[in-house]
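Trainee: My structure is below; once you've seen it, I'll send some questions.
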2 protein chains.
Amino acid sequence: MKKIRLIFLGILMLPLVAPAQLKVDQDRLEQLIFDLAKFGLQDNGETERVAFSDADIAAREWVIEEMKKMNLETKIDFAGNIIGTRKGTDANMKPIAFGSHIDRVPNGGNYDGCVGAMAALEVMLSLNEKNISTRHPLEVIIFSNEEGGVMGSRAMAGHLGKNALSVVNSTGFSMGEGIIRLGGDTTKLKQVQRMPGEIAAFLELHIEQGGILDRENLDIGIVEGIVGLKWWNVTFTGFANHAGTTPMNLRQDALLTAAKFIVAVNELTNSMDGKQVGTVGRIKAFPGAPNVIPGKVVTSLEIRDLSSEVITNLFDKIRQKGEEIAKAANVGISFELLDTTADPALTDIAIQQQIAKTSAKLGLSIKKMQSGAGHDAQDIALIAPTGMIFVPSKDGISHSPKEFTTAEDMANGTNVLLNTILELDKKLN
Amino acid sequence: MKKIRLIFLGILMLPLVAPAQLKVDQDRLEQLIFDLAKFGLQDNGETERVAFSDADIAAREWVIEEMKKMNLETKIDFAGNIIGTRKGTDANMKPIAFGSHIDRVPNGGNYDGCVGAMAALEVMLSLNEKNISTRHPLEVIIFSNEEGGVMGSRAMAGHLGKNALSVVNSTGFSMGEGIIRLGGDTTKLKQVQRMPGEIAAFLELHIEQGGILDRENLDIGIVEGIVGLKWWNVTFTGFANHAGTTPMNLRQDALLTAAKFIVAVNELTNSMDGKQVGTVGRIKAFPGAPNVIPGKVVTSLEIRDLSSEVITNLFDKIRQKGEEIAKAANVGISFELLDTTADPALTDIAIQQQIAKTSAKLGLSIKKMQSGAGHDAQDIALIAPTGMIFVPSKDGISHSPKEFTTAEDMANGTNVLLNTILELDKKLN
């Protein structure tokens, strides 16, 4: 029945060129999501596709093939971003860009990033199918290594520094090595940068990872701002010794100290008013044997908030408390700021309004909201008018194999994306 | 000068067959330690030789070659123990055995186990050199995988259960797989077992890992008892979710819960009178990314004491507290007892007395003590009269690359070992 309706609408709408009610093919979109999830599929039925992995590279090759089938002009830029361009009718127009990422966190799900990436392909398929041309060139961008520090979008915004290239993700590859694996060139990252004015507008569709839309039974989230984040490595240096012969009171136990620090991070984050979050997600203890007191532990520390001041303030408290804990245990502590920082970002008001109008025309309920997650849109907002469209994620689950968004919700978001692009194409110069 | 003295003594002593003042070759012993440390030597100058690793296998092949050069009858038993036998003159006598291990903890040192193993070889070299024959056959035993759960000695004592074979060490190999790698046979472990009476006496020389001998400037420790130990895996099951979008109060953070547990293990262990030790040395967080709340954490838990009741009592307290902590955090917790248990063991009184007498004849100072570390001798004590000789370890450091014992201390201990063997050979039937 859905298909019949779509065909009917298609016939109705074609003469209008860019009608508000234009609809994408929900089944085709869902199939793209299924096809993408095959890259990195494990024996346990879950998919692993961390940036720079063989699975990531295979998925990227598949995306490029699909883009070519759509007659997009495709390239990999020097930061490993995949860009597929559909020509516009007006040679004076700068591109309207949209997209997301297909790399995943370890043990992640099939929807984070993937929905926005596949929706972007579906938009192109729908436009081709309906023979709709636009004044602006349209660019699908599949950003490289979003999860490991929004690498591709930072390079495009011109602030992927040299230091970032040494940050290693769970594949064991550094960003620098990963860029080479993806077909980029670390010596030419400057050329990846787009200057303000070079992109007419940027849109990203993404699952809403906070669970608000799902809880409140709403269709579309319109993102007003994206929180900033900072990452640190925290290193605790004690003394490795025999667990059987070293009395409790003579130990310099790096793991015990790290454990007290992890508890303190949680307490200090909770002690402040506001929505800031502080997380220790990674820990390694050395040498890591049951019968050896750990001599060294390295943990991650992540802080996010909409205010840079809050991030700095909370970190100062955490560092001070960490130093107290370590000193009392006769253990060393050091903090290394990783070059994966993202500043808080605001989206473009006019684009927010357009997304709201388009959603209304499509009969979809909306909510304006902030994004607690970082996104490629955050960096692109520095160089182009940017909008973000959220669709519900069941129970707000993300970064987990249990992540799930219905095909209908994905299609709703993609319809908003498609029609917003067409409206912006009419309005923007 | 030392060599001249040794030759002189050799001439003097040969007619007496087994003089108390017999001395080993200190330089040759030290060279054996240096030679052994080459197996697994890394670029950073430290050696890694965890049981079942390629380095472990290469070192074992070298030991077997050295044994063959000493005309020992060598074999690998079905549990991977290397046994080198020197014939006795009396066919009715059961062997006097001595030895230790050459496998190491991750990031360990050159002396733990290695001193006892190389001392055993040096004893054989000294006896050969001086043409001394014994009534009892003499067996050097290099036990397999001591550090990963005294595997070889447990098999010899007849209590390496089926469950133990699935315990995996840091090489990634299980004990069962490791036994195959070492040339053993997991289906024939029963044949490894020695019955009470089959070994006349067992002696192990080892570094003293508590630092008492070094602190008190003593030469020889005579071990009265060896503490028992139990290992558990503790699994915390929370829910992996996005660290940016999941508010602090909605998290089921497995790592935060594990951190509170690690602090509690320390507090509870300290809260009891006595010398019990409780250690968390290993931790893994899944998925282990800075921007994902850990959904699962697995830690080790080790408890040691001279009393099995104290171990059980402390564990009960830790389990109860762990369950409270986990429940409050809405996180699951489970404890899995690993099959690496060692019961507290006492050494043979007559052998203790003989070690003391021999030490006195050699002009060495002694101290009777307990061993906080587990040893192969602990299991062999179940099936044979057993003695343990400790030599100082600088600052009591062990399970660390900084482990160090002087050549003189090693030679002192080996002299005690050699002369105690010769005395036992005279006295035991």
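Trainee: Starting from a label point 7 Å past Cα on the Cβ side, list the distances from A:Asp273 to the same position in the other copies, nm, shortest first.
Mentor: Ordered by increasing distance: 5.2 nm.
Trainee: Then there's this: Evaluate peptide A:393-405: per residue, the Cβ atoms of other protein chains within 10 Å of its Cβ; return the mean as an integer. Walk me through the intermediate numbers first.
Mentor: Numbers: counts 2, 0, 2, 6, 6, 7, 13, 8, 3, 4, 2, 0, 0.
Mean partner-chain Cβ count within 10 Å for A:393-405: 4.
Trainee: Same structure again: Taking a ≥ b ≥ c as the square roots of the eigenvalues of the Cα gyration tensor of chain A, is the shape rounded (a/c under 1.5), prolate (a/b larger than b/c) or oblate? Kindly include the intermediate steps, with their values, before the conclusion.
Mentor: Numbers: a/c = 2.10, a/b = 1.98, b/c = 1.06.
Since a/c reaches 1.5 and a/b is larger than b/c, the shape of chain A is classed as prolate.
Trainee: Return the distance in nm (one decimal) between the two label points of a simple spin-label model at A:Met93 and B:Ser308, each offset 7 Å from Cα along Cα→Cβ.
Mentor: The modelled label-to-label distance comes out at 8.3 nm.
Trainee: Considering Cα pairs under 8 angstrom that are at least six residues apart, work out the relative contact order of region A:188-288 and quote it in whole percent. Display every interim value, and only then the final one.
Mentor: Values: 31 pairs, mean separation 15.5, N = 101.
RCO, region A:188-288: 15 percent.
Trainee: Under the rule of -39500 (n - 2.57) per DSSP H run of 4 or more residues, summed and divided by the residues of chain B, what mean residue ellipticity at 222 nm is obtained, to the nearest 500 deg cm²/dmol?
Mentor: On the way: 12 runs with 153 residues, N = 429.
Taken over chain B, the calculation gives -11000 deg cm²/dmol.
Trainee: For A:Asp185, project a label point 7 Å along Cα to C-beta. Then give me every residue of region A:58-75 with its amide nitrogen under 20 Å of that point.
Mentor: Under 20 Å, as judged by backbone N against the label point of A:Asp185, lie A:74-75 of region A:58-75.
Trainee: To make sure I understand the rule: partners must be lysines, Cα under 21 Å from the Cα of B:Lys68, and not fewer than 8 residues away in the same chain. Which ones qualify?
Mentor: Filter leaves B:Lys38, B:Lys87, B:Lys130.
Trainee: Residue by residue, what Karplus-based ³J(HN,Hα) values in Hz, rounded to whole numbers, does region A:401-414 have, using 6.51, -1.76 and 1.60 with θ = phi - 60° and x for Gly and Pro?
Mentor: x, 7, 3, 7, 10, 5, 4, 5, 5, 4, 5, 4, x, 6
Trainee: How do A:283-289, A:131-137 rank on mean C-beta neighbours within 10 Å, highest first?
Mentor: On the way: A:283-289: 22.1, A:131-137: 17.3.
The packing order, highest mean first, is A:283-289, A:131-137.
Trainee: Order B:364-376, A:61-73 from most to least packed using the mean count of other Cβ atoms within 10 Å.
Mentor: Working: B:364-376: 21.2, A:61-73: 16.1.
With the highest mean Cβ count within 10 Å placed first, the list reads B:364-376, A:61-73.
Trainee: Calculate, for B:Asn233 and B:Leu346, the FRET efficiency according to 1/(1 + (r/R0)^6) with r their C-beta to C-beta distance and R0 30 Å; round to the nearest 0.05.
Mentor: 0.55
Trainee: Shifting gears a bit: I want the antiparallel fraction of DSSP beta bridges within chain A, as a percent rounded to 5.
Mentor: Percentage antiparallel, nearest 5: 65.
Trainee: For the rotation taking A to B, I'd like to know which residue in chain A has the C-beta closest to the axis, plus that distance in Å.
Mentor: Residue and rounded Å distance to the axis: A:Ala259, 2.
Trainee: Across region A:102-108, in residue order, what do the Karplus-derived ³J(HN,Hα) couplings come to in whole Hz, using 6.51 cos²θ - 1.76 cosθ + 1.60 with θ = phi - 60° and x for Gly and Pro?
Mentor: Each residue of region A:102-108 in turn: 10, 6, 10, 5, x, 6, x Hz.
Trainee: Relative contact order of chain A: what whole-number percent is it, with Cα pairs under 8 angstrom and at least 6 residues apart? Could the numbers behind the result be given before it?
Mentor: Values: 957 pairs, mean separation 99.4, N = 429.
Relative contact order here is 23 percent.
Trainee: Averaged over peptide B:254-267, how many Cβ atoms belonging to another chain are found within 10 Å of each residue's Cβ?
Mentor: Mean inter-chain Cβ contacts per residue within 10 Å come to 5.
Trainee: Which entries in B:Lys23/B:Lys94; A:Lys327/B:Lys296; B:Lys94/B:Lys230; B:Lys94/B:Lys426 show an alpha-carbon gap greater than 23 Å?
Mentor: On the way: B:Lys23/B:Lys94 25 Å; A:Lys327/B:Lys296 29 Å; B:Lys94/B:Lys230 33 Å; B:Lys94/B:Lys426 13 Å.
Checking Cα-Cα distances, B:Lys23/B:Lys94; A:Lys327/B:Lys296; B:Lys94/B:Lys230 exceed 23 Å.
Trainee: Determine the shape class of the protein assembly as shown: with a ≥ b ≥ c the square roots of the Cα gyration tensor eigenvalues, call it rounded for a/c under 1.5, and otherwise prolate if a/b is greater than b/c, oblate otherwise. Present the calculation step by step, with values, prior to reporting the outcome.
Mentor: Working: a/c = 3.00, a/b = 2.64, b/c = 1.14.
Prolate, since a/c reaches 1.5 and a/b exceeds b/c.
Trainee: For region A:228-337, rounded, prolate or oblate, judged on the Cα gyration tensor with a ≥ b ≥ c (square roots of eigenvalues), a/c < 1.5 rounded, else prolate if a/b > b/c?
Mentor: Details: a/c = 2.81, a/b = 2.28, b/c = 1.23.
Prolate is the answer for region A:228-337, as a/c is 1.5 or above and a/b outweighs b/c.
Trainee: Shifting gears a bit: Could you run the Karplus curve 6.51 cos²θ - 1.76 cosθ + 1.60 with θ = phi - 60° over region B:355-372 and give me ³J(HN,Hα) per residue in whole Hz, x for Gly and Pro?
Mentor: Rounded to whole hertz, the list is 4, 5, 4, 4, 4, 4, 4, 7, x, 9, 7, 10, 8, 7, 7, 9, 9, x.
Trainee: While we're looking at this one, here's another question. How many nanometers, to one decimal and shortest first, lie between the label point of B:Lys357 and those of its other copies, if labels sit 7 Å from Cα toward Cβ?
Mentor: Ordered by increasing distance: 10.6 nm.
Trainee: If packing is taken as the average count of other Cβ atoms within 10 Å, what order do B:382-390, B:77-85 fall into, highest mean first?
Mentor: Details: B:382-390: 25.4, B:77-85: 23.4.
In descending order of packing, they fall as B:382-390, B:77-85.
Trainee: Please average, across the residues of A:208-219, the number of beta carbons from any other chain that are within 10 Å of each residue's own beta carbon, and give a whole number. Numbers along the way, then the final one.
Mentor: Details: counts 1, 6, 6, 6, 1, 0, 0, 0, 0, 0, 0, 0.
Rounded to a whole number, the mean comes out at 2.
Trainee: Taking 22 Å as R0, compute the FRET efficiency from the Cβ-Cβ separation of B:Lys402 and B:Gln42 and round it to 0.05. It would help to have the intermediate numbers written out before the result.
Mentor: On the way: r = 15 Å, r/R0 = 0.69.
Efficiency at R0 = 22 Å is approximately 0.90.
Taken together, the values in this text are just the output of simple stated rules run on the coordinates, not laboratory data. All values derive from a computational prediction rather than experimental measurement. Glycine gets a Cβ as well: all are built from the backbone with ideal geometry, and neighbour counts include every protein chain shown.
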